[in-house]
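Novice: Can you read through this structure? Questions will come right after.
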Amino acid sequence: MPKQSPIPKYRLHKASGQACVVIDGRWFYLGQHGSVASRAEYDRLIAEGLANNRALPSPTSELTIAELILRYWRHANVYYRKNGEPTGEVGKIRDAMRPLKQLYGRTPAAVFGPLRLKAVREKMISEKLARTTINSRVGTIKRMFRWAVENELVPPSVYLGLQAVAGLRQGRSDARETERVLPAPEGHVRAVLPHVSREVEAMVQLQLLTGMRPGEVVSMRACDIEMSNAIWVYRPPRHKIEHHGIQREILLGPRAQSVVRGFLSADARGYLFSPEQAEAERNAVRRAARRTPMTPSQARRRCRTKPKRAPGTRYTIEAYRRAVARACAKAGVPRWSPNQLRHAHATALRKQSGLEAAQVLLEHARLETTQVYAERNRALAAEIIAKIG
């Protein structure tokens, strides 16, 4: 958690005998020092400051875009956090604010309107950003102004005006279009499996069988899996939509259970798939395949106690992705990413069981996401996963 500045103190201004307080570099005189009225005024100012991220609202005519960005940045570094660490949203905010500050950093925030926002968008288009990325960043700028209205930093009319700027539509602008993310081809997935560790192979299989996200499969622990029924339920402690108060439940059918059983150990809180274990297994295979005996000097050699790059106890999403990419190169097939396995699962699921089943099992909230389904049906999900997972 970022270190916060202390609460400003109630002070005596000796020259005038008044009470005073300094908030965000501004002096406020509160009345006769020690009086009930001055204490009440101090409490009011401090309460407003705490509600506004320890800074009092500035007169809207004084606040510039650069100052607004700074205040929103401080808010974002506190608000967008998981497990004490900033989320990816913080980086997205930084990228979205860069062209806004470059073009209008000294412009009063109160006069920022739709035409200026469209000028910022045109700068993003000139930088060859993808249309979807541009729409996302423009949305981030709008959210900053919504937050500014909430904290009385700009008039409500500013945010209402920005809402009139519609997102770019496909084929109706000069913005670059991205290729659609396709499912990982079944043949390419099979070609990669002989070139990855046992752990990575298991994660690939589990994603194909369940449709879980890469971040969910690398975080699997026995203590997060309910194994009391015929269909196991994996509840990731951390997942993409946890901030909405939604409990993610991933159903594991017989085939997925068979994969998981090969990695269960006495340590229920340990991660199932460990790069450390994969490295140990790889070294054991290399030693078994050795054709010449060790020399005396090799036999005396000891492993480093503090290697520069020691394998971790769990895979990160990036390490998992790199392992797949290296295997694609060895297999001589086009590169695919672990996230495409979720697409492959959804495609197969929709083909076999229909659109509603796909939404139920993938736990999408909106119809457009999977092309999508009506309502959640746990019984239907259990019946389907018993057949395919």
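Bear in mind that the values in this text are calculations on the coordinates, not laboratory data. These numbers were taken from a predicted model, which means no experiment stands behind them. All Cβ positions, even for glycine, are placed from backbone atoms using ideal geometry, and neighbour counts span all protein chains on display.
Novice: Return the FRET efficiency for the residue pair Val78, Ala280: r is the Cβ-Cβ distance, R0 is 45 Å, and the value is rounded to the nearest 0.05.
Specialist: For Val78 and Ala280, the calculated efficiency is 0.65.
Novice: Taking R0 as 22 Å, what's the FRET efficiency between Glu152 and Leu103 from their Cβ-Cβ distance, rounded to 0.05?
Specialist: Efficiency at R0 = 22 Å is approximately 0.30.
Novice: Which cross-chain or sequence-distant (5 or more) residues have an amide H under 5 Å from the amide H of Gly31, H modelled 1.01 Å from N in plane?
Specialist: Long-range HN contacts for Gly31: Ala19.
Novice: I would also like to ask the following. Evaluate E = 1/(1 + (r/R0)^6) for Glu177 and Glu318, where r is the Cβ-Cβ distance and R0 equals 35 Å; express this FRET efficiency to the nearest 0.05.
Specialist: 0.85
Novice: Next question, about the same structure. What distance in nm lies between label points placed 7 Å from Cα along the C-beta direction at Ala37 and Ala230?
Specialist: Placing both labels 7 Å beyond Cα along the Cβ direction yields 7.9 nm.
Novice: Quickly rank 78-85, 128-135, 218-225, 157-164 as a protection proxy: mean count of other C-beta atoms within 10 Å, highest first.
Specialist: Ranked from most to least packed, the peptides come out as 218-225, 128-135, 157-164, 78-85.
Novice: Relative contact order for region 11-51: what percent, with Cα pairs under 8 Å and sequence separation of 6 or more?
Specialist: Taking the mean separation of contacting Cα pairs over the length of region 11-51, I get 27 percent.
Novice: Here's something else I'd like to know. For region 65-162, what does the alpha-carbon gyration tensor say about shape, rounded, prolate or oblate, given a ≥ b ≥ c as the root eigenvalues, a/c under 1.5 as rounded, and a/b over b/c as prolate?
Specialist: Verdict is oblate for region 65-162.
Novice: Length gain on complete extension for the stretch Lys330 to Ala130, per 0.36 nm per residue less the alpha carbon to alpha carbon distance?
Specialist: 68.9 nm
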